[in-house]
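Participant: This is the structure I have questions about; it appears just below.
The values are calculated or read from the model by the stated rules, or taken from the named source; none is laboratory data. What you are looking at is a predicted structure, and each value in this text was computed from that prediction instead of being measured. Using ideal geometry, Cβ is built from the backbone for each residue, glycine included, and neighbour counts are taken over all protein chains shown. All accessible areas refer to the heavy atoms of the entire protein, side chains included, with ligands and DNA or RNA removed. Shrake-Rupley method; radii C 1.70, N 1.55, O 1.52, S 1.80 Å.
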Amino acid sequence: MGPRPWSGGRRGPGEPHRALLAMPLGLIAVVTVGDILAPAEVHLGPFLAAAPAVTASFAGPRTTACVGALAVLAQSVVAVVRTSLTDLNHSLQVTALILISLCVTFFAHLRERHEKQLTQLRAVAEAVQQVVIRPLPRRVGPLRIASVYLAAEAEAQIGGDLFAAVRTAHGTRFIVGDVRGKGLAAVGDAALLLGAFRAAAHRQADLPSLVAYLEGTVSSDLDDPGAVASRTGAPKEAFITAAVLDVPDTAPVLHLINCGHPPPLLLREGRVSALEVREPAPPLGLTAFTGSAFTAQDFPFRPGDTLLLYTDGVIEARDGAGTFYPLGPAPGRAPAQWAPSACC
C-alpha cells in the first residue's frame, strides 16, 4: 500500500526518437540507390511507401509529412534518372506515394492527439492519487512506516484500494481496504471512506464506535437515491472490505477490527503469523443485512515487531507460470521473501 513514485521526464506526444528516425531515412537512401542501379525491369519505388508508414508509428504528423515528402522527392529523382518524371509507371508511383504519405500523416495526427489526451488523463490521475491516497510519513509517533501503492494496470495510477493513518492523542489509527468494483465509482467510494476515517478517527473514543461510524457513512451513501451503478438506473451495489487498527503509544498491544479483509501479518523474531480475529465483521456496506456488532480484538505488538497490512492484489498476484504470490506464513521462510512492505 502507498503511493507509487511518479516517473518524470516523459517524452512528449509525437516527439520523434532520433534512433528510430534513422530507420526510415536509411530505407529511403537504400531504396533510392538500389532503384537507380537496378535493371530496367526492376522497380523498387513501392518500397518507399514504408518510410512514412513506419515514421507515423512513433513520430508526430510534421515529422511524418517531412519523411513522406523526402520519399516523394527520392521517387522523383529515380524517375528522372531512369526515364522521366512523366513516365506512366513512375508518375503513378509518385502519385500513390503522395496519397499514402497524406494518409499516414493524418493517422499520425490522430495518434498524437490521443497521446495528448492520455497525458492529460495521467496528470489528473496523479492529482487524484495525491488527494485520495495521501503519502504516509516515514514515522508516526513511535511507529516507523513504509508503504507502496501499485495499480494492477501498468498505466493506471489509482484503483479501488485505500489506506490511511491518523495520529490521535493516544496513539495511531490505521485503515487498509479494498472497494468492490473498479473505475471512477470505486475511486469515489474510496475517497468517501477515507474522508470519513480521517474526520472521525480523532472524535471516536473507541475502535468499535469508529468502525460503526464508517459503516454508517458507507451505508448512507448506498441508500442515496442518486447513487446508481450504470445509466440503466439500477441500484448501486457496493461494499468495502477493511481492516481498522488502533495502536496505542503506552501499551505493547494493537486493537483490530476486520471487516472481511485479508488478515494482517505479524513478523516477530523471524516467525510470521496471521492476525485472525475471533469475530470478524462483514464488509462495510453489508452490516445492515447481518446486524453484526463490531468487536475489537487485541493482539500483542511489541517493540521490534513488524506488521504488514495489504490488499488482495498482493495475494492474487501471479508469476509468469501462473503461481500465486506466496505471501502467507510458511515454515523457514525468510522475511525478505514475503514482506514487500511493512509498517511497525
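Participant: Kindly indicate which of VAL211, VAL179 is modelled with pLDDT of 90 or more, closer than 26 Å to SER147 by Cα and aliphatic (A, V, I, L, M).
Facilitator: One residue alone meets the criteria, VAL211.
Participant: Which of the residues belonging to the range 198-207 are under 19 Å from LEU254 (Cβ atoms) and open to solvent by 40 Å² or more (accessible area, probe 1.4 Å)?
Facilitator: Matches in the range 198-207: HIS202, GLN204, ALA205, ASP206.
Participant: Same structure, new question: Would you call ASP298 surrounded by fewer than 17 Cβ atoms within 10 Å (Cβ to Cβ), more than 28 Å from the chain's Cα centre (by Cα) and closer than 16 Å to PRO208 by Cα?
Facilitator: Yes; evaluated as a whole, the condition is true for this residue.
Participant: Let me ask something else. Go through the range 54-112 and give me each residue that's surrounded by fewer than 17 Cβ atoms within 10 Å (Cβ to Cβ) and in contact with a Lys or Arg (Cβ under 9 Å, 6 or more places away or on another chain).
Facilitator: Once the filter is applied, which keeps residues that are surrounded by fewer than 17 Cβ atoms within 10 Å (Cβ to Cβ) and in contact with a Lys or Arg (Cβ under 9 Å, 6 or more places away or on another chain), the range 54-112 yields only SER57.
Participant: Residues VAL277, VAL247, VAL314: which one is modelled with pLDDT under 90 and among the β-branched types (Val, Ile, Thr)? Walk me through how you get there before you give the answer.
Facilitator: Numbers: VAL277 fails: modelled with pLDDT under 90; VAL247 fails: modelled with pLDDT under 90.
Exactly one residue qualifies, and that residue is VAL314.
Participant: Here is a further query. Identify the single condition in (1) open to solvent by less than 40 Å² (accessible area, probe 1.4 Å); (2) free of Cβ contacts under 8 Å to residues at least 40 places away in the same chain that GLY260 does not satisfy, given that it satisfies every other one.
Facilitator: The number of the failed condition is (1).
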